[in-house]
1. Out of 74, 112, I need the residue that is among the polar types (S, T, N, Q), in contact (Cβ under 8 Å) with a residue 12 or more places away in the chain, over 30 Å from residue 179 (Cα atoms) and in contact with a helix residue (DSSP H, G or I) (Cβ under 7 Å, 6 or more places away or on another chain). Which one?
2. Only one of 24, 38 is within 22 Å of the chain's Cα centre (by Cα) and not charged (D, E, K, R); which?
3. Take the residues in the stretch 228-248 that are in a helix (DSSP H, G or I) and touching an Asp or Glu at 6+ places or on another chain (Cβ under 7 Å), then tell me which one is farthest from residue 168 (Cα to Cα).
4. Which of the residues belonging to the stretch 236-265 are hydrophobic (A, V, I, L, M, F, W, C) and more than 23 Å from residue 218 (Cβ to Cβ)?
5. Tell me, which residue of the stretch 54-96 that is in contact with a Pro (Cβ under 8 Å, 6 or more places away or on another chain) and buried (at least 18 other Cβ atoms within 10 Å of the Cβ) is nearest to residue 153 (Cα to Cα)?
6. If I filter the stretch 171-188 for residues that are of a type in the set (A, V, I, L, M, F, W, C), within 15 Å of the chain's Cα centre (by Cα) and not in a helix (DSSP H, G or I), do I get at least one hit?
7. For residues that are of a type in the set (A, V, I, L, M) and either surrounded by 23 or more Cβ atoms within 10 Å (Cβ to Cβ) or assigned to a helix (DSSP H, G or I) (or both), scanning just the stretch 97-115, find the one that is modelled with the lowest pLDDT.
8. Please specify each residue of the stretch 1-49 satisfying the condition of being surrounded by 14 or more Cβ atoms within 10 Å (Cβ to Cβ), at pLDDT 85 or above and among the hydroxyl-bearing types (Ser, Thr, Tyr).
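The values are calculated or read from the model by the stated rules, or taken from the named source; none is laboratory data. Keep in mind the model is a prediction, meaning the values are calculated, not measured. A quick note on method: Cβ atoms are made from the backbone with ideal geometry, for glycine too, and the neighbour counts reach across all protein chains shown.
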Amino acid sequence: MNAFELADQILKSVGDIPPMPHIAAEVMEKLGSDRTTAEDLNRVISQDQALAARVLRMANSSFYAASVKIKTLSHAIGFVGFNSIRSIVIAAATRELYPVLGKNEQLLWEHSIAAGLAARLLARRARFGNPEQAFLAGLLHDIGKTVLLLKMRDRMSRVMEKVAKEPSLSFRELETDEFGFDHAALGQLVGRRWKLGSEIEEAIGTHHTPEEATEEPTLTYVTSLANSLCHRACIGPARRPNLDLGTLDSARYLNLSAEILKEAEIELVDKFRSEKASILS
C-alpha cells in the first residue's frame, strides 16, 4: 500500500480530521506575516480567555520564565518571543481537543507535554538549531493517538488498556491490527491539515522510524528520542523504566551519551513534576 492509498484508508476510517483550534490557526497565520506585531498577537489570543490564561501559565513555567514573573499576556509575548509564543499557543490550544480529561486523555496529554519538553532539552544538548521546532514536534508526535481516541474512543481505549497491562506490546502493531494503520501515519495527516510544515509533519509520521526521515533527520531523531525518554520516565500510557536510552539509534545519531541522557531525564522529571499542575490544567 502506497502513501496515497494509506491516507485514503485513514480518512475513510476516521472521517474528517479535526482542524487546528481556531485561535491557534489565527496565530499561525499572523506569525506567517512579517508585518505582525506583538499587539496583533495579543489581540488575537485575548479573544479566548481560557486560552490566554493557559498561555500565561505556560509562559510563567520554569521552562520559559525562570525567575521573572510574567503578569500579562503582552508581557508574555514580549518576553518569550514569537517562536516560543507559537509553541505555547499550539500547546495550549491542543489541550482544547480534550474537553474532558478522563484517564486515557490525561495520560496522552501528560505524555504529549512531556515529550515536547524533552525534545527541547535534547535539541539543546544535541545543538539542534531550533529547539522550539523540536518542542512542537515532540508535543504533537502522538496527535494521531488523540484523534483515534476522539473518533474511535472504545476501540482506541481497548488498545491503550492492552498496553497498560503489558508494556512490552507495541502501540503501532495493536493499532494496525485494530484500524489498518497506526497513529504515526494518522498524525502525519493531521500535521499536513494543520499546515505545520513538512519537517514537523515528517517528524510526526516517522518518529518510530527516524531512519526514513529526509526533510530534517535531526529533528526526527530528537522527536524519537524524546518519546523514548518519556517512556523511560514513565510519563504517559507506555511505561518502560528499564529502557536503555544509550543503546538507541537515535541517541547514537545525536551523539548523546548515557550520562547526558540521564541528566536530561532528571531535568525533565524534576521540571515536569514541579510544573505539572500549571501546564497541564
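1. Numbers: 112 fails: over 30 Å from residue 179 (Cα atoms).
Only one candidate qualifies: 74.
2. Criteria check complete, one pass: 24.
3. So the residue we want is 229.
4. Within the stretch 236-265, 238 is the sole residue that qualifies.
5. 94
6. Checking the stretch 171-188: not a single residue is of a type in the set (A, V, I, L, M, F, W, C), within 15 Å of the chain's Cα centre (by Cα) and not in a helix (DSSP H, G or I).
7. 97
8. Those that are surrounded by 14 or more Cβ atoms within 10 Å (Cβ to Cβ), at pLDDT 85 or above and among the hydroxyl-bearing types (Ser, Thr, Tyr): 36, 46.
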